[in-house]
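J.: Handing you this structure, nothing more for now.
Each value in this text was obtained by applying a stated rule to the coordinates, not by laboratory testing. Just so we're clear, the structure is a prediction, and the values are computed from it rather than from any experiment. Cβ: placed from backbone, ideal geometry, glycine included. Neighbour counts: every protein chain shown.
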Amino acid sequence: MTHSPHPPLVVVMGVAGAGKTTVAALLAERLGLPLAEADEFHPAANIAKMSAGIPLEDADRWPWLEAVKEWLRARHEDGTGGVVTCSALRRAYRDLLRTAAPEVAFLHLTGSRALLEDRIGHREGHFMSPAMLDSQLATLEPLGPDEPGTSLDIGPAPAALAAAAADRLPAR
Ligand SMILES: Nc1ncnc2c1ncn2[C@@H]1O[C@H](COP(=O)(O)OP(=O)(O)OP(=O)(O)O)[C@@H](O)[C@H]1O
Ligand SMILES: O=C(O)[C@H](O)[C@@H](O)[C@H](O)[C@H](O)CO
């Protein structure tokens, strides 16, 4: 990891089922950083919508993204750094999150549709159904080469992904 005056602020991004929750927990533990889950920042109406199989729209997402940004800003101001999961599917969403602090970087977890569907299908008690995957993939704008961070294919085991991420972030 490159030297930075601030501890890292990492947004673990990607579509539903990519492993954001799983990998973010391991990465936060490995780096000794506080962890937050973006699903906890959703207003109840958003969770209800997704549970009913209705994809969110931009208007649903902006207040939620603002809340995630504020968490990042607070971790910048208190100097702890942190790791937060957030689908952050579109470039515009990530541009907003980056306004929290200059050290914000992204870990994009990427995988084939078949693998994502398999992982979502085997998960129990979660509000995202496999049917939501199409809208997630249609909305996704992959992390660009001019954005801070790195992308990892989700084939390997979670611990291997967290180790690779710790080595590569922040990639500037
Ligand atoms: N690298 C991996 N290898 C094998 N299984 C994995 C891996 N990462 C995650 N999983 C499993 O895949 C499922 C989806 O992972 P997880 O819930 O972390 O995804 P997510 O991106 O947080 O999803 P969502 O955005 O819908 O909350 C879980 O059952 C998890 O245990
Ligand atoms: O941007 C979105 O469409 C949603 O926020 C979803 O991505 C969920 O938050 C999450 O991925 C499911 O757990």
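J.: For a quick check: sort MET13, MET132 by the number of other beta carbons within 10 angstrom, fewest at the front.
T.: Fewest to most other Cβ atoms nearby, the residues stand as MET132, MET13.
J.: Can you work out the Karplus-derived ³J(HN,Hα) for every residue in the range 26-42? Use 6.51 cos²θ - 1.76 cosθ + 1.60 with θ = phi - 60°, whole Hz, and x for glycine or proline.
T.: Values per residue, Gly and Pro as x: 5, 5, 4, 5, 5, 8, x, 10, x, 10, 9, 10, 4, 4, 6, 8, 5 Hz.
J.: Taking only the Cα atoms of the chain, how large is their convex hull per residue, in Å³?
T.: 105 Å³
J.: Quickly estimate the mean residue ellipticity at 222 nm for the chain, helices only: each DSSP H run with n ≥ 4 gives -39500 (n - 2.57), and the total goes over all residues, rounded to 500. Don't skip to the end; give the middle numbers.
T.: Working: 7 runs with 75 residues, N = 172.
Taken over the chain, the calculation gives -13000 deg cm²/dmol.
J.: So who's got an amide H within less than 5 Å of the one on VAL12, skipping anything under 5 residues away but keeping other chains? H placed 1.01 Å off N, in plane.
T.: Correct list: VAL84, THR85, CYS86, LEU107.
J.: Give the angle, between 0 and 90 degrees and rounded to the nearest 10, that separates the Cα long axis of helix 58-77 from the longest principal axis of the Cα atoms of the chain.
T.: Between the helix axis and the principal axis of the chain, the angle is about 20 degrees.
J.: Please get the size of the charge dipole for the chain, origin at its Cα centre, with Cβ charges of +1 on Lys and Arg and -1 on Asp and Glu, quoted in debye to the nearest 20. If you can, show how the numbers build up before the last one.
T.: Working: 16 positive and 22 negative charges, 43 e Å.
The dipole of the chain has a size of about 200 debye.
J.: Now, a different point. Given charges of +1 on the Cβ of Lys and Arg and -1 on the Cβ of Asp and Glu, with all other atoms neutral, how large is the dipole of the range 75-170 about its Cα centre, in debye to the nearest 20?
T.: Dipole magnitude for the range 75-170 comes out near 100 debye.
J.: Going by Cα centres, the range 1-73 and the range 105-158 are how many Å apart?
T.: Here the answer is 13 Å between Cα centres.
J.: So how far apart, in nm, are the two label points at LEU137 and GLU66 if each is 7 Å from Cα heading toward Cβ?
T.: So the label points at LEU137 and GLU66 sit 3.3 nm apart.
J.: Excluding ALA74 itself, what net charge comes from residues whose Cβ is under 15 Å from its Cβ, given Lys and Arg +1 and Asp and Glu -1?
T.: Details: positive: LYS69, ARG73, ARG75; negative: GLU40, GLU66, GLU70, GLU77, ASP78, GLU103.
So the environment of ALA74 carries a net charge of -3.
J.: Students often get this wrong: which residues of the range 22-57 have the backbone nitrogen under 12 Å from the point 7 angstrom along Cα-to-C-beta of HIS126?
T.: 22-24, 39
J.: Identify, among THR110, ALA88, ALA67, the residue whose Cα sits farthest towards the positive end of the charge dipole of the chain, taking +1 on the Cβ of Lys and Arg and -1 on the Cβ of Asp and Glu, with the dipole about the Cα centre.
T.: THR110
J.: Please arrange LYS69, LYS49, LYS20 by how many other C-beta atoms lie within 10 Å of their C-beta, fewest to most.
T.: Working: LYS69 22, LYS49 17, LYS20 26.
Lowest count first: LYS49, LYS69, LYS20.
J.: Apply the Karplus parameterisation 6.51 cos²θ - 1.76 cosθ + 1.60, with θ equal to phi minus 60°, to every residue of the range 10-22 and state each ³J(HN,Hα) to the nearest whole Hz, in sequence, with x for glycine and proline.
T.: 10, 9, 8, 10, x, 6, 4, x, 6, x, 4, 4, 5
J.: Quote to one decimal, in nm, the extra length available between ALA163 and SER51 on full extension: 0.36 nm per residue of separation minus the C-alpha distance between them.
T.: Answer, rounded to one decimal: 37.1 nm.
J.: Now, a different point. Quick check on the exposure proxy: order PHE106, PHE41, PHE127 from fewest to most C-beta atoms within 10 angstrom.
T.: Taking fewest neighbouring Cβ atoms as first place, the list is PHE127, PHE41, PHE106.
J.: Okay, moving on. What's the local net charge at ASP95, with K and R +1, D and E -1, over the other residues with C-beta under 12 Å away?
T.: Net charge in that neighbourhood comes out at +2.
J.: Using the Kirkwood radius over Cα pairs, work out the Stokes-Einstein diffusion coefficient for the range 86-172 at 25 °C and 0.890 mPa s, in µm²/s as a whole number.
T.: The estimated diffusion coefficient comes to 172 µm²/s.
J.: More than 12 Å apart: what percent of Cα pairs in the range 46-97 qualify?
T.: 67 percent
J.: With an 8 Å Cα cut-off and a minimum separation of 6 or more residues, compute the relative contact order for the chain in percent. Walk me through the numbers on the way to the answer.
T.: Numbers: 290 pairs, mean separation 63.8, N = 172.
With pairs under 8 Å counted, the relative contact order is 37 percent.
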